[in-house]
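Written below as structure tokens is the structure these notes are about.
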Amino acid sequence: QVQLVESGGGLVQAGGSLRLSCAVSGQPFSRYALGWFRQASGKEREFVAAISRSGVTGYADAVKGRVTISRDNAKSTMYLQMNSLKPEDTAVYSCAATFNAYSSISYDYNYWGQGTQVTVSS
């Protein structure tokens, strides 16, 4: 049974920073490509960032330059460092894992966490 558990969300002022974590259990962590997605209230889920098994990264244009995705295979954990946060970054952030190549498409991911709320006040 694969489980993903996010943590690190919260309330932050515009311009602030947060680091989200995603702990993965159930299978060898190194087998997964991983991604972060977010869903704001009343909107569709959207891609944020992804990282391949070898550490290649990709970012959505909306967050490029403000966000860094990383993984620690020894700790079976993925991170999302978010800086210069904006009110429009407010959303539920979910991590996802796939045995396939890393992707910006949510349907390519097999496993999902429950999500963590990020709220950015103006």
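General remarks:
- Single residue of region 24-53 satisfying the filter (hydroxyl-bearing (Ser, Thr, Tyr) and at pLDDT below 95) that is nearest to the chain's Cα centre (by Cα): 32
- Residues that are assigned to a loop (DSSP other than H, G, I, E, B) and either within 15 Å of residue 37 (Cα to Cα) or free of Cβ contacts under 8 Å to residues at least 40 places away in the same chain (or both), drawn from region 76-89: none
- Condition broken by residue 59, with the remaining ones in (1) in contact (Cβ under 8 Å) with a residue 40 or more places away in the chain; (2) crowded, with 16+ Cβ neighbours inside 10 Å; (3) in contact with a strand residue (DSSP E or B) (Cβ under 6 Å, 6 or more places away or on another chain) satisfied: (1)
- Search result, residues across region 6-39 that are touching an Asp or Glu at 6+ places or on another chain (Cβ under 8 Å) and open to solvent by less than 40 Å² (accessible area, probe 1.4 Å): 20, 21, 22, 37, 38
- Flag for residue 92 being open to solvent by less than 60 Å² (accessible area, probe 1.4 Å) and assigned to a loop (DSSP other than H, G, I, E, B): no
- Looking only at region 40-56, and only at residues there that are open to solvent by 70 Å² or more (accessible area, probe 1.4 Å) and not charged (D, E, K, R), the one that is farthest from residue 88 (Cα to Cα): 54
The values are calculated or read from the model by the stated rules, or taken from the named source; none is laboratory data. Please read all numbers here as calculations on a predicted model, not as lab measurements. Glycine also receives a Cβ, built like all others from the backbone with ideal geometry; neighbour counts cover every protein chain displayed. When the accessible area is computed, the model is the full protein with side chains, heavy atoms only, and any ligands, DNA or RNA have been set aside. Shrake-Rupley method; radii C 1.70, N 1.55, O 1.52, S 1.80 Å.
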